[in-house]
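The values are calculated or read from the model by the stated rules, or taken from the named source; none is laboratory data. Since the structure is predicted, the reported quantities are computational estimates derived from the model, not experimental observations. Backbone-built Cβ (ideal geometry, glycine too); neighbour counts: all protein chains shown. Just so you know, the surface numbers come from the protein's heavy atoms only, side chains and all, with ligands and any DNA or RNA stripped out. Shrake-Rupley method; radii C 1.70, N 1.55, O 1.52, S 1.80 Å.
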Amino acid sequence: MLAHKLLLPFAFLAIAGVTTIATSQADLPILPAPLSDDSFLYDGTPSDPLVELGRNLFFDPILSGNRNISCGTCHDPRLGSGDGLALGIGEGGVGSGPDRRTETAVTGRVPRNAQPLWNIGAREYVSLFHDGRVEWIEDGMRIRNPAGDDLPEGVSDVLVAQAFFPVTSPIEMAGQFGENPVAEAAFAEDRPQVWRILAARVASVPAYLDMLKEAYPEITMPHDVTYTHLAEALTAFQTVAFRSDESPFDEILRTGDVSTLSVDARAGLSLFYGRANCVSCHSGPLLTDHDYHAIAMPQIGPGKGHGGDFSYIAETGLAGRTEDEGRYRVSRDTDDLFAFRTPSLRNVTLTGPWGHSGAFDELEEMVRHHLNPIESLEGFDASAVVLPPLDQVMRLSGRGSEFGYGPLDPSQEAAFDLRDTWVIQSPVLRERIAAENDLRAFHLADEEIRQLIAFLESLTDPSAINRSDLVPTEVPSGLAPQPTR
Ligand code: HEC
Ligand code: HEC
């Protein structure tokens, strides 16, 4: 058998003993080419000093306004490079995974599921975030992004651009108005000021300045350092750290030999590429088409504050539009209402809870959702939703120069908590989500679901189960690295 076989003809699968075979020649599963160094930014090998700088920055709370959270808190290399939660608690929280709690008052929870970062340095990523709001447009000439022209010139990739944004989010990393200068700038939506403060903060730490000089010959003084340098280092680190192409599936892509899979996984593979047609969206070596589809996913959590519905405000008096309209808020094309980017399925067994708001905490439920999205949405049990408790909450009050943050009035606590299930409990909003569904119902037997899941298990790279070695034991700021190793 040829090495680096690109096509896997059905005849071959049959020889290899696949039990569930699609019916016609037209269903031949064409497997993608394997990943290789040149599939990745920097051809997979950015310079060591740049990676080492990025590694320290990734786990150092120095990039957060209140110095209390790092990228690694939400992208934990022990938790599938996410946080193991449906929806996390950003800055102001302590602990990780299911133990995460509020330590100081926060304004709410992070509204979307922390995305896993497996193979995020692959060049085929043309857009980032669940809604693709950081993306290459105009044939790779320009990066559309939430800061528009404020994003500095010379940002060379979407992954570099992405690293400019978590630090400007009050809830994720910046903190709230009045707490620190980064938060003040974030509140005023003066993003360039956020980036300037953080670049100066990092450059003022002698050990970081040394690392920056080593990575960038043009840096000699602290004021030579810009946030772009930091973002590039984070990119180099993520490209190397979260590369994951040693799964049984990768082995098949390299050798063309499926006999290494269990009988169930082989049957699952032929369903995935055949009758179940998962490949129509989950395609290519990363099992995503990088496109957006509305599949009537149940939404939990407070949403992005941008929906079109005012029923929550009307009923509770608390600010907040609740439904997450996904790609529509970027494209303004009504075809994109409630559409989200197809997630990569690499290491998917490690990355739960699943879906853009983490609504499913069982992989089987997530897969079954695809069989009849509308029935699944209608039948979703909101009472089973488990989110980390928000014990300490504050909200903006007052107006003009008089505003500030104060504790939530106890009489409003119940109304505040209602936000987490408002969308899924509302027949009107469920109907709006259902109306946009693009995935037609189809049947699979229980046995076939089991086989599909066996195939999904073959996408797990054993080396991805726990990469806690990535976390440094100490970081130049002298703060405790997060997560703790
Ligand atoms: C408070 C938790 C939190 C922190 C801190 C955080 N992230 Fe994220 N990250 C998320 C969430 C949630 C998303 C998805 C957001 C969305 O789609 O709107 C995300 C998305 C991403 C993505 C896009 C992945 C994809 O598939 O499109 C990258 C890359 C990323 N984060 C890197 C970082 C880096 C680098 C940092 C530190 C500078 C960081 N994150 C800090 C929660 C966090
Ligand atoms: C019409 C396109 C489409 C098809 C076909 C499709 N999916 Fe999906 N899938 C998606 C989208 C979009 C999401 C994310 C939805 C969201 O978060 O709102 C998703 C999410 C998932 C997830 C959760 C991943 C995560 O990280 O949260 C799994 C697992 C999954 N799909 C497996 C499958 C399987 C197995 C099949 C075949 C039975 C399949 N999908 C068919 C579009 C599709």
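Here are the numbers:
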{"quantity": "Residue among ARG485, ARG450 that alone is over 30 Å from GLU325 (Cα atoms) and at pLDDT below 95", "calculated": "ARG485"}
{"quantity": "Selected residue [on the phi > 0 side of the Ramachandran plot and more than 13 Å from ligand 1 (Cβ to nearest atom)] from PHE360, PHE338", "calculated": "PHE338"}
{"quantity": "Residue in the range 97-109 that is within 20 Å of the chain's Cα centre (by Cα) and over 23 Å from ARG419 (Cα atoms) present", "calculated": "no"}
{"quantity": "Test result for SER169, surrounded by fewer than 20 Cβ atoms within 10 Å (Cβ to Cβ) and more than 25 Å from PRO302 (Cβ to Cβ)", "calculated": "no"}
{"quantity": "Positions within the range 319-353 being among the hydrophobic types (A, V, I, L, M, F, W, C), within 26 Å of LEU79 (Cα to Cα) and out of contact with any strand residue (DSSP E or B) (no Cβ under 7 Å at 6 or more places or on another chain), in sequence order", "calculated": "LEU345, VAL348, LEU350"}
{"quantity": "Matching entry among SER401, SER397, SER383 (being of a type in the set (Ser, Thr, Tyr) and more than 30 Å from VAL94 (Cβ to Cβ))", "calculated": "SER401"}
{"quantity": "Residue within the range 355-371 that is closer than 16 Å to ALA296 by Cβ, open to solvent by 40 Å² or more (accessible area, probe 1.4 Å), at pLDDT 95 or above and more than 8 Å from ligand 2 (Cβ to nearest atom) present", "calculated": "yes"}
{"quantity": "Top-ranked residue in the range 33-83 [being within 11 Å of ligand 1 (Cβ to nearest atom) and of a type in the set (D, E, K, R); ranked as surrounded by the most Cβ atoms within 10 Å (Cβ to Cβ)]", "calculated": "ASP83"}
{"quantity": "Considering residues of the range 247-268 that are over 20 Å from ALA441 (Cα atoms) and surrounded by 22 or more Cβ atoms within 10 Å (Cβ to Cβ) only, the residue nearest to the chain's Cα centre (by Cα)", "calculated": "PHE249"}
{"quantity": "Flag if PHE380 is within 30 Å of ALA454 (Cβ to Cβ), more than 16 Å from ligand 1 (Cβ to nearest atom) and either out of contact with any Gly (no Cβ under 7 Å at 6 or more places or on another chain) or touching a residue at least 40 places away in the same chain (Cβ under 8 Å) (or both)", "calculated": "yes"}
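Residues are listed down the side, and each one gets a yes or a no for (1) over 30 Å from ALA105 (Cα atoms); (2) open to solvent by 50 Å² or more (accessible area, probe 1.4 Å); (3) under 23 Å from the mean Cα position of the chain (by Cα):
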| residue | (1), (2), (3) |
| --- | --- |
| GLY379 | yes, yes, no |
| SER383 | no, yes, no |
| LEU396 | no, yes, no |
| GLY404 | no, no, no |
| ASP438 | yes, yes, yes |
